[in-house]
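S.K.: Attaching a single structure in structure tokens format; questions to follow.
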Amino acid sequence: MTAPDFVAETPPVSARRRATLYGVVAFSGFVVLIGLLQQLAPGGFDISRLTGGVITFDTMVRIGILTTVVVGLNLLMGYAGQVSLGQAAFFGIGAYVSAILTTRADVLGIGAGLANQWWWPWLLIVGGMALAGGVAYLVGRPILKLHGHYLAMATLGLGIIIVIVFRENFGYSLGSRNITGGFDGLYGVPRLRIGSFDLWPVERYYYLVWLVAIVGIVLALNLVRSRSGRALRALHGNELAAETLGIDTARFKVRVLVISAMYASLAGSLFAHFRVAVSPGPFGFAASLELVVMAAVGGMASVWGAPFGVAAVLVVRELLRTHLGSLVGEAGGQQEVVAFGLMLVLIMIFMPEGVIARLKQATRRWRSE
Amino acid sequence: MLALIEKRTSRLALKAAGVLLVVAVIWLLGSRQNFGLQQYGQLVVAGIGTGAVYALVALGFVMVFTVTGIINFAQGAFVMLGALFTVTLYETPFTGEGRTGLIISALLAVVLTTVIGVVVERLTILPARNADPLTLIIITVGVYIAIQGLALIYWGHAGRTLPSFTTATGSDSIFRPWGLVIKAQTLWVLATMVLAFAVLSLFLDKTMLGKALRACSVNRDASRLMGINPSRMSAIAFGIAAALGAVAGIVLAPLTKPVYDMGLTIGLKGFVAAAMGGLISLPAAVGGGLLLGLVENLAAGVTKAGLRDVFAFIVLIAVLLRGRSRAGRFQ
């Protein structure tokens with residue numbers, strides 16, 4: 001993967017702004033259309049039916065949640081060039097903050113008057129983001145001095161440590177109850193609401209999730225196209241050169257890690273309220289890898305690639321689960337893991353800039369012919 | 001000169017103080033559980049046993065890294081393959097019963113794993129030879145996932161058992177010097193580690209092929225000019241690493257229940273051990289492995305077994321950061 005060629009042929013700012021605006025409007029329109037299709041569903045004509053049961057509405061919500069994480073990861077890996085193999089742990093911090101402080105409020109001595117307020121979970125979402133950002137800030141300065149393989153190993157180790165903390169609780173419990181719920185995790189995370197307006201059933205939650213994702217995308221696009229964004233790309237290309245241009249690379253790297261951690265934590269909270277339960281499983285090493293694959297498929301240095309990468313991975317996984325199972329026979333329904341690994345290898349060998357970038361290239365060539 | 005000596009002694013004092021602090025904390029935590037000398041001795045024995053396995057895996061990391069500059073995340077997969085192939089071959093009727101069957105299955109498993117190592121290198125590392133580190137990391141990780149997935153399909157979720165080498169039965173003969181419990185299999189692990197280290201050192205020092213491998217690690221272009229094929233050396237390094245991983249898995253198998261997902265943590269800890277030695281030195285990798293095993297077992301022993309990996313990865317991050325501060329070793 002090479003640094004994006006941002007010097008050549010940059011269109012004028014106004015044209016780019018307009019293009020972005022069109023993109024956001026078109027994408028939002030698409031999201032709303034899917035939502036309406038599901039809600040109105042003339043004659044059972046919903047998402048699940050339309051795609052032969054491969055993409056359920058549930059999947060659409062998941063794609064929205066994970067898009068938020070992957071947008072943050074793209075900023076970190078694609079633009080700033082810093083590997084993170086522990087991103088799922090930040091996702092987990094958000095989920096656990098939301099889950100612990102809603103389901104364990106009584107044990108923690110938080111009065112029911114406070115914990116039953118509608119804005120309490122929303123406050124926790126912000127609190128989770130602050131905590132994830134704080135953790136990222138504390139570990140970022142020393143860890144981001146590492147490069148390449150070593151950074152990958154360090155973030156991986158960090159991710160595993162955080163998940164073990166979720167799982168083991170350090171043997172610490174309040175009263176008779178284990179704070180993080182250990183292996184089993186926590187159940188009964190409440191649904192989100194605004195005042196007395198419930199953000200559930202899932203059709204309503206869908207809009208919230210995608211609103212967050214689209215706002216995340218817009219913010220990321222702004223960041224990427226700002227002075228800071230150019231600084232990030234510069235330090236991806238050559239850190240030393242960026243340094244000589246007066247860019248405080250250490251500070252920029254920490255900042256982008258903090259931002260990506262906050263994206264992940266926000267999504268994690270949404271995930272906890274969506275699943276109504278958290279357990280250490282979905283935040284481990286495998287999950288971190290899956291996030292990297294999603295970023296890689298969509299294209300590391302491409303904010304718009306994020307939703308496509310997430311969707312592609314989830315859909316391929318679903319297809320493999322349903323179709324490969326009948327081909328290979330019984331193995332606990334885990335065959336997709338193999339294909340998943342192979343897919344990762346093939347993409348990284350043949351399309352290191354991501355599938356979307358490769359498609360774009362292909363269409364450009366096709367047009368010019 | 002005097003200033004230099006002063007600086008050295010103060011650094012030494014700092015180190016000594018650090019070690020004392022760690023020992024004090026361990027002692028304090030241990031005394032809360034009424035640990036005596038015997039308990040500590042037992043933890044040390046267990047630590048050396050697991051450390052020897054890490055050392056074996058670490059040797060593989062060092063081989064691949066010095067020759068190719070790649071950190072092979074799939075190293076742990078070779079450990080798992082070695083163990084599970086041995087179990088399967090031992091259980092299939094054609095290798096006969098008893099100890100000879102065990103030895104033949106182990107040898108066959110090593111050969112199989114080595115072939116897989118070479119094939120993996122040819123299929124995945126060779127086409128991406130000039131990609132940047134991030135891409136290579138993700139590729140080796142992908143290879144690991146694929147191999148683990150195949151293992152899951154072939155062997156399933158359940159842990160297998162391999163009889164211990166000396167008795168060829170499920171139960172192991174046990175020595176009890178000074179009230180400590182030492183399994184014969186632990187001695188096998190240690191002996192294998194020492195043997196592998198010695199053979200590998202001699203191979204790299206004395207044979208033509210070994211020298212070619214080392215030449216490649218010093219300067220690829222220069223060694224190419226001398227008629228060495230760096231691409232072939234890369235494949236050989238992967239083969240050796242796979243063999244070392246397989247051996248580690250085989251000697252470890254009777255002590256644990258080998259299972260399809262055992263490779264990840266063992267591979268990572270092998271990397272920690274190799275990184276403790278700077279990733280380029282075989283003796284340092286062995287030392288790193290033993291030290292990691294000790295630290296992990298003592299720390300987990302005095303606190304909580306579930307926290308074992310936390311200590312290992314704290315050591316990893318500390319080692320990386322400290323290595324970074326020393327002459328930019330971990331760039």
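S.K.: Please find, among B:VAL315, B:VAL319, B:VAL247, B:VAL286, the residue that is touching a Ser or Thr at 6+ places or on another chain (Cβ under 9 Å), open to solvent by 10 Å² or more (accessible area, probe 1.4 Å) and not in a loop (DSSP other than H, G, I, E, B).
M.R.: Answer to the check: B:VAL247.
S.K.: Identify all residues within region B:235-254 that are modelled with pLDDT under 90 and of a type outside the set (A, V, I, L, M, F, W, C); write none if there are none.
M.R.: Listed by number, the list holds a single entry, B:PRO254.
S.K.: Filter region B:119-139 down to residues that are crowded, with 19+ Cβ neighbours inside 10 Å, more than 10 Å from chain A (Cβ to nearest Cβ) and over 14 Å from B:ALA77 (Cβ atoms), then give me how many there are.
M.R.: Total meeting the criteria: 0.
S.K.: Could you list all residues from region A:1-41 that are at pLDDT below 70 and within 30 Å of A:ASP58 (Cβ to Cβ)?
M.R.: none
S.K.: Still on this structure, I have one more. For B:ALA191, all conditions in the list (1) within 14 Å of chain A (Cβ to nearest Cβ); (2) part of a helix (DSSP H, G or I) hold save one; what is the number of the exception?
M.R.: Among (1) within 14 Å of chain A (Cβ to nearest Cβ); (2) part of a helix (DSSP H, G or I), the lone unmet condition for B:ALA191 is (1).
S.K.: Which one is least open to solvent (accessible area, probe 1.4 Å), of the residues in region B:165-186 that are charged (D, E, K, R) and within 19 Å of B:THR256 (Cα to Cα)?
M.R.: B:ASP172
S.K.: Of the residues A:VAL345, A:VAL338, A:VAL303, A:VAL293, only one is modelled with pLDDT of 80 or more, farther than 24 Å from A:VAL61 by Cα and open to solvent by less than 20 Å² (accessible area, probe 1.4 Å); which?
M.R.: The match here is A:VAL345.
S.K.: Which of the residues spanning region B:276-315 are over 20 Å from A:MET153 (Cβ atoms), free of Cβ contacts under 8 Å to residues at least 40 places away in the same chain and more than 9 Å from chain A (Cβ to nearest Cβ)?
M.R.: Of everything in region B:276-315, those that are over 20 Å from A:MET153 (Cβ atoms), free of Cβ contacts under 8 Å to residues at least 40 places away in the same chain and more than 9 Å from chain A (Cβ to nearest Cβ) turn out to be B:ALA300, B:ALA305.
S.K.: Which one is surrounded by the most Cβ atoms within 10 Å (Cβ to Cβ) among residues in region A:137-169 that are more than 16 Å from A:GLY185 (Cβ to Cβ) and at pLDDT below 80?
M.R.: If we take residues in region A:137-169 being more than 16 Å from A:GLY185 (Cβ to Cβ) and at pLDDT below 80, then A:HIS149 is surrounded by the most Cβ atoms within 10 Å (Cβ to Cβ).
S.K.: Evaluate region B:81-92: report whether one residue or more is of a type in the set (Gly, Ala, Ser) and open to solvent by 10 Å² or more (accessible area, probe 1.4 Å).
M.R.: Within region B:81-92, none of the residues are of a type in the set (Gly, Ala, Ser) and open to solvent by 10 Å² or more (accessible area, probe 1.4 Å).
S.K.: Run A:ALA311 past the list (1) modelled with pLDDT under 90; (2) part of a helix (DSSP H, G or I); (3) away from chain B (no Cβ under 14 Å) and report the number of the one that doesn't hold.
M.R.: (1)
S.K.: Looking at the structure I just gave you, is A:ILE110 open to solvent by 20 Å² or more (accessible area, probe 1.4 Å), more than 7 Å from chain B (Cβ to nearest Cβ) and either part of a helix (DSSP H, G or I) or among the aromatic types (Phe, Trp, Tyr) (or both)?
M.R.: It is false that A:ILE110 is open to solvent by 20 Å² or more (accessible area, probe 1.4 Å), more than 7 Å from chain B (Cβ to nearest Cβ) and either part of a helix (DSSP H, G or I) or among the aromatic types (Phe, Trp, Tyr) (or both).
S.K.: Now for a different question. Restricting attention to region A:174-219, which residues are in contact with an Asp or Glu (Cβ under 9 Å, 6 or more places away or on another chain) and hydroxyl-bearing (Ser, Thr, Tyr)?
M.R.: A:THR180 - this is the single residue of region A:174-219 that is in contact with an Asp or Glu (Cβ under 9 Å, 6 or more places away or on another chain) and hydroxyl-bearing (Ser, Thr, Tyr).
S.K.: Still on this structure, please answer the following. Are any residues in region B:134-153 free of Cβ contacts under 8 Å to residues at least 12 places away in the same chain and more than 21 Å from the chain's Cα centre (by Cα), and if so, which ones?
M.R.: Listed by number, the residues that qualify are B:LEU134, B:THR135, B:GLY149, B:LEU150, B:ILE153.
S.K.: Additional query: Of A:GLY81, A:GLY133, which residue is buried (at least 18 other Cβ atoms within 10 Å of the Cβ), at pLDDT below 90 and under 24 Å from A:SER228 (Cβ atoms)?
M.R.: None of the other options fit; the residue is A:GLY81.
For (1) of a type outside the set (Gly, Ala, Ser); (2) free of Cβ contacts under 8 Å to residues at least 40 places away in the same chain; (3) assigned to a helix (DSSP H, G or I), each residue gets a yes or a no:
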{"site": "B:VAL67", "(1), (2), (3)": "yes, no, yes"}
{"site": "B:PHE73", "(1), (2), (3)": "yes, no, no"}
{"site": "B:ALA77", "(1), (2), (3)": "no, no, yes"}
{"site": "B:LEU84", "(1), (2), (3)": "yes, no, yes"}
{"site": "B:THR88", "(1), (2), (3)": "yes, no, yes"}
{"site": "B:SER105", "(1), (2), (3)": "no, yes, yes"}
{"site": "B:LEU108", "(1), (2), (3)": "yes, yes, yes"}
{"site": "B:THR124", "(1), (2), (3)": "yes, yes, yes"}
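S.K.: Right, next: Can you pull out the residues in region B:214-229 that are in contact (Cβ under 8 Å) with a residue 12 or more places away in the chain and open to solvent by less than 70 Å² (accessible area, probe 1.4 Å)?
M.R.: B:ALA215, B:CYS216, B:SER217, B:ILE228
S.K.: Just name the residue that is farthest from B:ILE317 (Cα to Cα) out of those in region B:255-307 that are at pLDDT 85 or above and basic (Lys, Arg).
M.R.: Here the residue is B:LYS257.
S.K.: Restrict the check to region B:257-266 and report whether at least one residue is under 16 Å from B:THR192 (Cβ atoms), surrounded by 24 or more Cβ atoms within 10 Å (Cβ to Cβ), within 14 Å of another protein chain (Cβ to nearest Cβ) and not β-branched (Val, Ile, Thr).
M.R.: Within region B:257-266, none of the residues are under 16 Å from B:THR192 (Cβ atoms), surrounded by 24 or more Cβ atoms within 10 Å (Cβ to Cβ), within 14 Å of another protein chain (Cβ to nearest Cβ) and not β-branched (Val, Ile, Thr).
S.K.: Might you let me know whether region A:85-93 holds any residue that is over 17 Å from the mean Cα position of the chain (by Cα) and not in a helix (DSSP H, G or I)?
M.R.: No, because not a single residue in region A:85-93 is over 17 Å from the mean Cα position of the chain (by Cα) and not in a helix (DSSP H, G or I).
S.K.: Given the conditions (1) open to solvent by 70 Å² or more (accessible area, probe 1.4 Å); (2) within 14 Å of chain B (Cβ to nearest Cβ); (3) assigned to a helix (DSSP H, G or I), and given that A:PHE183 satisfies all but one, which numbered condition is not satisfied?
M.R.: (3)
The values are calculated or read from the model by the stated rules, or taken from the named source; none is laboratory data. What you are looking at is a predicted structure, and each value in this text was computed from that prediction instead of being measured. Glycine gets a Cβ as well: all are built from the backbone with ideal geometry, and neighbour counts include every protein chain shown. Heavy atoms of the whole protein, side chains included, go into the accessibility calculation; ligands, DNA and RNA do not. Shrake-Rupley method; radii C 1.70, N 1.55, O 1.52, S 1.80 Å.
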